[in-house]
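None of the figures in this text is laboratory data; all of them are computed from the coordinates on show. As the structure is a computational prediction, the values presented were derived from the model and not from experiment. Ideal geometry is used to build each Cβ from the backbone, glycine not excepted, and the neighbour counts take in all protein chains shown.
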Amino acid sequence: MTPLYIVLALFAFAGLLLALSYNRLVRLRNKVVEAWQDVDVQLQRRHDLIPRLVEVVRGYAAHENELFAELARLRSEAEGARGAAAKSAPESELALAIAGTIAVAESYPSLRAAENFLSLQKEIAETEDEVAAARTIYNGNVCIYNTRIQTFPVSFYADVLGFEPAAFFQADTSGIV
Amino acid sequence: MAVGAICALFVGWARVKGRARERFFARWAAERQWRYEAGGKPFEDTPFLRSGDKRKASDFFSGFWAGSGAVLYQHKRIVEGDRDEQETAYVVLHFSLGRPLIDLLQISPHSHAAELGEKLFGYHGEIGERIELESAELDQHFRVGCLRGREDEVRRLLTPSAIVRLLDFRRALPDGNARFEILGSNVAFLVEKTLSPERPQLIEELLELWRPIASWLMKEAGEEARLPASAREEQPS
């Protein structure tokens with residue numbers, strides 16, 4: 001009888017470890033989702049600033065139509081993309097286009113000194129800081145989650161339980177303000 | 001007789017060493033436009049500073065820092081056990097934001113023992129609620145707590161950039177066992193370390209590491225004050 005009890009105890013112990021590991025994976029996956037929602041909120045803030053930026057710059061540099069059209073195109077492209085992997089490239093381009101628009105705006109001395117432009121520029125800088133921070137947190141969570149599901153012994157059953165690696169968000173906003 | 005002489009010698013040596021320490025710190029503080037006092041009462045205006053069976057304080061440095069008056073000192077928290085006392089030394093930076101920022105926010109080091117206790121018996125801290133923020137790395141190193149029903153206030157304050165500042169601090173001081181507490185307008189930053197004339201640069205290192213967090217809190221308190229009372233209550237979560 002004793003060997004049977006030992007085997008049963010081992011199975012129960014393994015089952016407990018599996019349950020704990022599963023719960024931890026679920027928590028980590030939820031963290032990744034939660035952090036992505038934060039990134040999304042900050043990206044939406046960035047998108048919402050674009051019409052204001054265009055409006056302010058247009059008042060002083062109406063002939064920069066190509067620049068405004070490009071901003072509008074990149075914004076709709078970025079808004080159309082879903083998920084971290086798909087958003088990486090368009091958001092990068094959009095961030096660079098915003099930085100480019102601000103650089104153009106700064107070449108107009110009267111615009112550079114305008115109060116509404118200065119306050120918008122500050123708001124854009126703050127938003128970019130929050131985007132960068134939200135991205136850091138998201139990528140940190142992805143790193144912890146991916147490492148967890150790709151290392152022994154979790155790698156044996158993570159796939160079977162439906163835990164797939166998450167994508168990093170690699171938008172490069174270093175060129176902005 | 002011989003024992004008495006040895007004791008007298010030891011006491012004399014300790015006094016000389018203590019005076020040398022005070023002279024060194026006083027000179028060191030004066031060079032940086034800070035004021036030094038060897039003794040004083042510990043601050044007790046945040047929950048952790050009040051905690052412990054006994055508290056001792058020494059080596060007070062006060063001066064103008066990050067846009068505010070600040071005091072840095074050695075805080076000792078003593079917990080009495082059945083047979084002995086357990087003393088933990090913290091370097092504390094204490095300052096006021098001028099205006100209340102939040103009813104209570106505690107950011108304390110993560111402990112596996114506390115986590116296990118929480119899982120088994122629920123959360124029983126001196127504060128109401130433990131909050132899990134979006135960063136897994138923050139959860140690995142810190143526990144964030146606030147008064148029950150004030151979670152939204154904390155979530156609004158701890159934006160992604162604030163979380164990244166805390167993580168940057170943790171990375172720069174991995175063995176520091178750091179704590180942050182805000183009670184209304186009172187702020188206390190604590191690190192489990194001991195001040196020593198042999199390593200005076202520790203003070204400057206800590207002040208440099210704390211500066212971005214303090215500046216952010218000052219800015220937040222300033223912005224909070226600019227909002228009318230009605231808007232503060234109606235802010236979306």
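Some observations on this one:
- FRET efficiency, 1/(1 + (r/R0)^6) with R0 45 Å, evaluated for B:Glu192 and A:Arg82 via beta carbons: 0.50
- Rounded Å value of the spacing that divides the Cα centres of the range B:90-117 and the range B:1-39: 32 Å
- Stokes-Einstein, applied to the Kirkwood radius of the range B:1-114 over Cα pairs at a viscosity of 0.692 mPa s and 37 °C, places its translational diffusion at 193 µm² s⁻¹.
- Principal-axis tilt of helix B:2-31 within chain B, Cα atoms, nearest 10 degrees: 50 degrees
- Extreme residue, positive dipole direction of the protein assembly as shown, given options B:Phe61, A:Val32, B:Ser135 (C-beta unit charges): B:Phe61
- The protein assembly as shown - mean residue ellipticity at 222 nm from DSSP helices (-39,500 (n - 2.57) per run, n ≥ 4, rounded to 500): -20000 deg cm²/dmol
- Chain B - convex hull of alpha carbons, volume per residue in Å³: 146 Å³
- Within the listed set A:Ile98, A:Ile149, A:Ile124, the Gaussian network model of chain A (springs between alpha-carbon atoms below 10 Å) gives the highest mean-square fluctuation for A:Ile149.
- Restriction of the trypsin sites (Lys or Arg not before Pro) in the range A:70-121 to DSSP coil positions whose beta-carbon has at most 15 other beta-carbons within 10 angstrom yields A:Arg82.
- Measuring between their Cα centroids, the range A:118-177 and the range B:183-226 lie 28 Å from each other.
- Cα-based helix-to-principal-axis angle, B:160-172 vs chain B, degrees rounded to 10: 20 degrees
- The alpha carbon convex hull volume per residue for the range A:70-113 rounds to 62 Å³.
- Calculated over the protein assembly as shown: convex hull of Cα atoms, volume per residue (Å³): 219 Å³
- Across peptide A:28-41, the average count of Cβ atoms from other chains found within 10 Å of a residue's Cβ is 3.
- Principal-axis tilt of helix B:112-121 within chain B, Cα atoms, nearest 10 degrees: 50 degrees
- Subtracting the Cα-Cα distance of B:Glu132 and B:Gln86 from their residue separation scaled by 0.36 nm leaves 13.5 nm.
- Fraction of alpha-carbon pairs over 22 Å apart in chain A - percent: 56 percent
- Among A:Ser110, A:Ala61, A:Asn141 - extreme Cα towards positive end, dipole of the range A:60-177, charges at beta-carbon: A:Asn141
- Among the listed pairs B:Lys76/B:Lys219; A:Lys122/B:Lys219; B:Lys41/B:Lys193; B:Lys54/B:Lys219; B:Lys17/B:Lys193, a Cα-Cα separation exceeding 25 Å is found for B:Lys76/B:Lys219; B:Lys54/B:Lys219.
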